[in-house]
1. Is there a residue in segment 76-90 that is within 16 Å of ligand 2 (Cβ to nearest atom), without any contact (Cβ under 8 Å) to a residue 12 or more places away in the chain and within 15 Å of the chain's Cα centre (by Cα)?
2. Being open to solvent by 50 Å² or more (accessible area, probe 1.4 Å), at pLDDT 95 or above and assigned to a helix (DSSP H, G or I) narrows it down to one residue among Glu238, Glu267, Glu279; which is it?
3. Within segment 69-96, count every residue that is buried (at least 17 other Cβ atoms within 10 Å of the Cβ), small (Gly, Ala, Ser) and more than 15 Å from Arg24 (Cα to Cα).
4. For the subset of segment 203-239 comprising residues that are of a type in the set (Val, Ile, Thr) and in contact (Cβ under 8 Å) with a residue 12 or more places away in the chain, which member is farthest from Gly184 (Cα to Cα)?
5. Which of the residues that make up segment 104-139 are more than 18 Å from Glu91 (Cβ to Cβ) and not in a helix (DSSP H, G or I)?
6. When residues of segment 166-188 are filtered for being of a type in the set (D, E, K, R) and open to solvent by less than 60 Å² (accessible area, probe 1.4 Å), how many remain?
7. State yes or no: is Arg219 charged (D, E, K, R), within 13 Å of ligand 3 (Cβ to nearest atom) and open to solvent by 30 Å² or more (accessible area, probe 1.4 Å)?
8. Kindly list the number of the only condition in (1) open to solvent by 20 Å² or more (accessible area, probe 1.4 Å); (2) within 16 Å of ligand 4 (Cβ to nearest atom); (3) within 19 Å of the chain's Cα centre (by Cα) that fails for Val206.
Amino acid sequence: TAQPLTDKRIRLYDAVIGKSILDRMEMEIALRAAINTDAIELFYQPKVAANTGRLCGFEALVRWKKDGAYVPPDHFIPIAEETGLIMPLGEQILKIAAAQVSDWISAHNLNIPVAVNMSALQLVSEKFAHFYKSTVKRYDIPADLLQLELTESATAEYIDDILPILNSLRDFGCMIALDDFGTGYSSLSYLKKMPISYLKLDRSFVEDLPDSDAMALARIISLLGHELGMELIAEGVEDEQTAQILEGMGYDQFQGYHYSKPLSPDEATAWISRAYRNEEAV
Ligand code: C2E
Ligand code: MG
Ligand code: MG
Ligand code: MG
């Protein structure tokens, strides 16, 4: 819906570049207002063990409820990064995840790991590691239950600043995953130096299976990760045939629509109860 613009100059500008700048400004203002309210929610997607199908934990995926609909993270995380809003938003996300971990412990007596996605910008700031540690203490949860996912491409760019921070998090007990692996440019020497517990094969390779190039890359990444002592996770697994191929290559954990979409907190809690009930029945 076009705003009535009286200034000719602005109207021309708007007409030439489309509405994108105004849209972004509107998004930024709305996002700023949404942070630290319940308009920011986390959904939880299960990760399951390749060999047994048992629940290994969840990945937390942020959702922004705006005007009654969910805005996907790809639409607002870049804006949050460009405007610095990623700092308060990232802190809120970490707090929501910590509260959920704590709730599953206290209400269900279950230790369920939750992995939170991080923007590399957050990590470059020394403040973040402090915030992570104080959150773990405040919610009184084991650090290995509040995991972090970093994308490979973002990490490579800031590696020298990030490495000491990652090491201090690792020493504190935090488990770190390298996300979307295979799409970035991390050199092998950095990969070896980084305190990474999990390597997540990017969905684009999983999607292309069983094409021969994707087969070769998925196999090599599995060998590489295992050689470096990491566990391998495949994301975006959508069918059983793909799961079987990846299991044959030694992948340890699977995540994707074949198992479950990202779930609301209530749905995730129901998923856990079901998973544990089935296990007791075995
Ligand atoms: P990601 O970390 O690689 O997350 C996986 C994305 O793939 C999620 O999209 C998920 O819903 C989707 N997905 C999962 N399984 C399947 C599948 O089987 N098939 C297909 N086609 N897609 C699948 P989502 O939730 O839209 O998140 C997109 C990206 O936004 C994430 O990619 C992550 O990089 C970023 N993101 C999400 N939450 C946060 C957050 O809290 N903080 C930051 N900084 N980034 C976040
Ligand atoms: Mg992720
Ligand atoms: Mg990923
Ligand atoms: Mg991905």
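1. yes
2. Details: Glu238 fails: assigned to a helix (DSSP H, G or I); Glu279 fails: at pLDDT 95 or above.
It is Glu267.
3. 1
4. Narrowing segment 203-239 to residues of a type in the set (Val, Ile, Thr): 206, 220-221, 233, 237.
Narrowing further to those that are in contact (Cβ under 8 Å) with a residue 12 or more places away in the chain: 206, 221, 233, 237.
Values: Val206: 16, Ile221: 13, Ile233: 17, Val237: 20 Å.
Filtering first and then ranking leaves Val237.
5. Asn109, Leu110, Asn111, Ile112, Pro113
6. Quick first cut of segment 166-188, residues of a type in the set (D, E, K, R) only: 170-171, 179-180.
Next, only the ones that are open to solvent by less than 60 Å² (accessible area, probe 1.4 Å) stay: 179-180.
Qualifying residue count for the region: 2.
7. Spelling it out, it is not the case that Arg219 is charged (D, E, K, R), within 13 Å of ligand 3 (Cβ to nearest atom) and open to solvent by 30 Å² or more (accessible area, probe 1.4 Å).
8. Only one criterion is unmet by Val206, namely (1).
The values are calculated or read from the model by the stated rules, or taken from the named source; none is laboratory data. All figures in this text were calculated on a predicted structure; none of them were measured in a lab. Methodologically, a virtual Cβ is constructed for each residue, glycine included, from the backbone with ideal geometry; neighbour enumeration extends over all protein chains shown. In case anyone asks, the SASA skips ligands and DNA or RNA and just uses the protein heavy atoms, side chains included. Shrake-Rupley method; radii C 1.70, N 1.55, O 1.52, S 1.80 Å.
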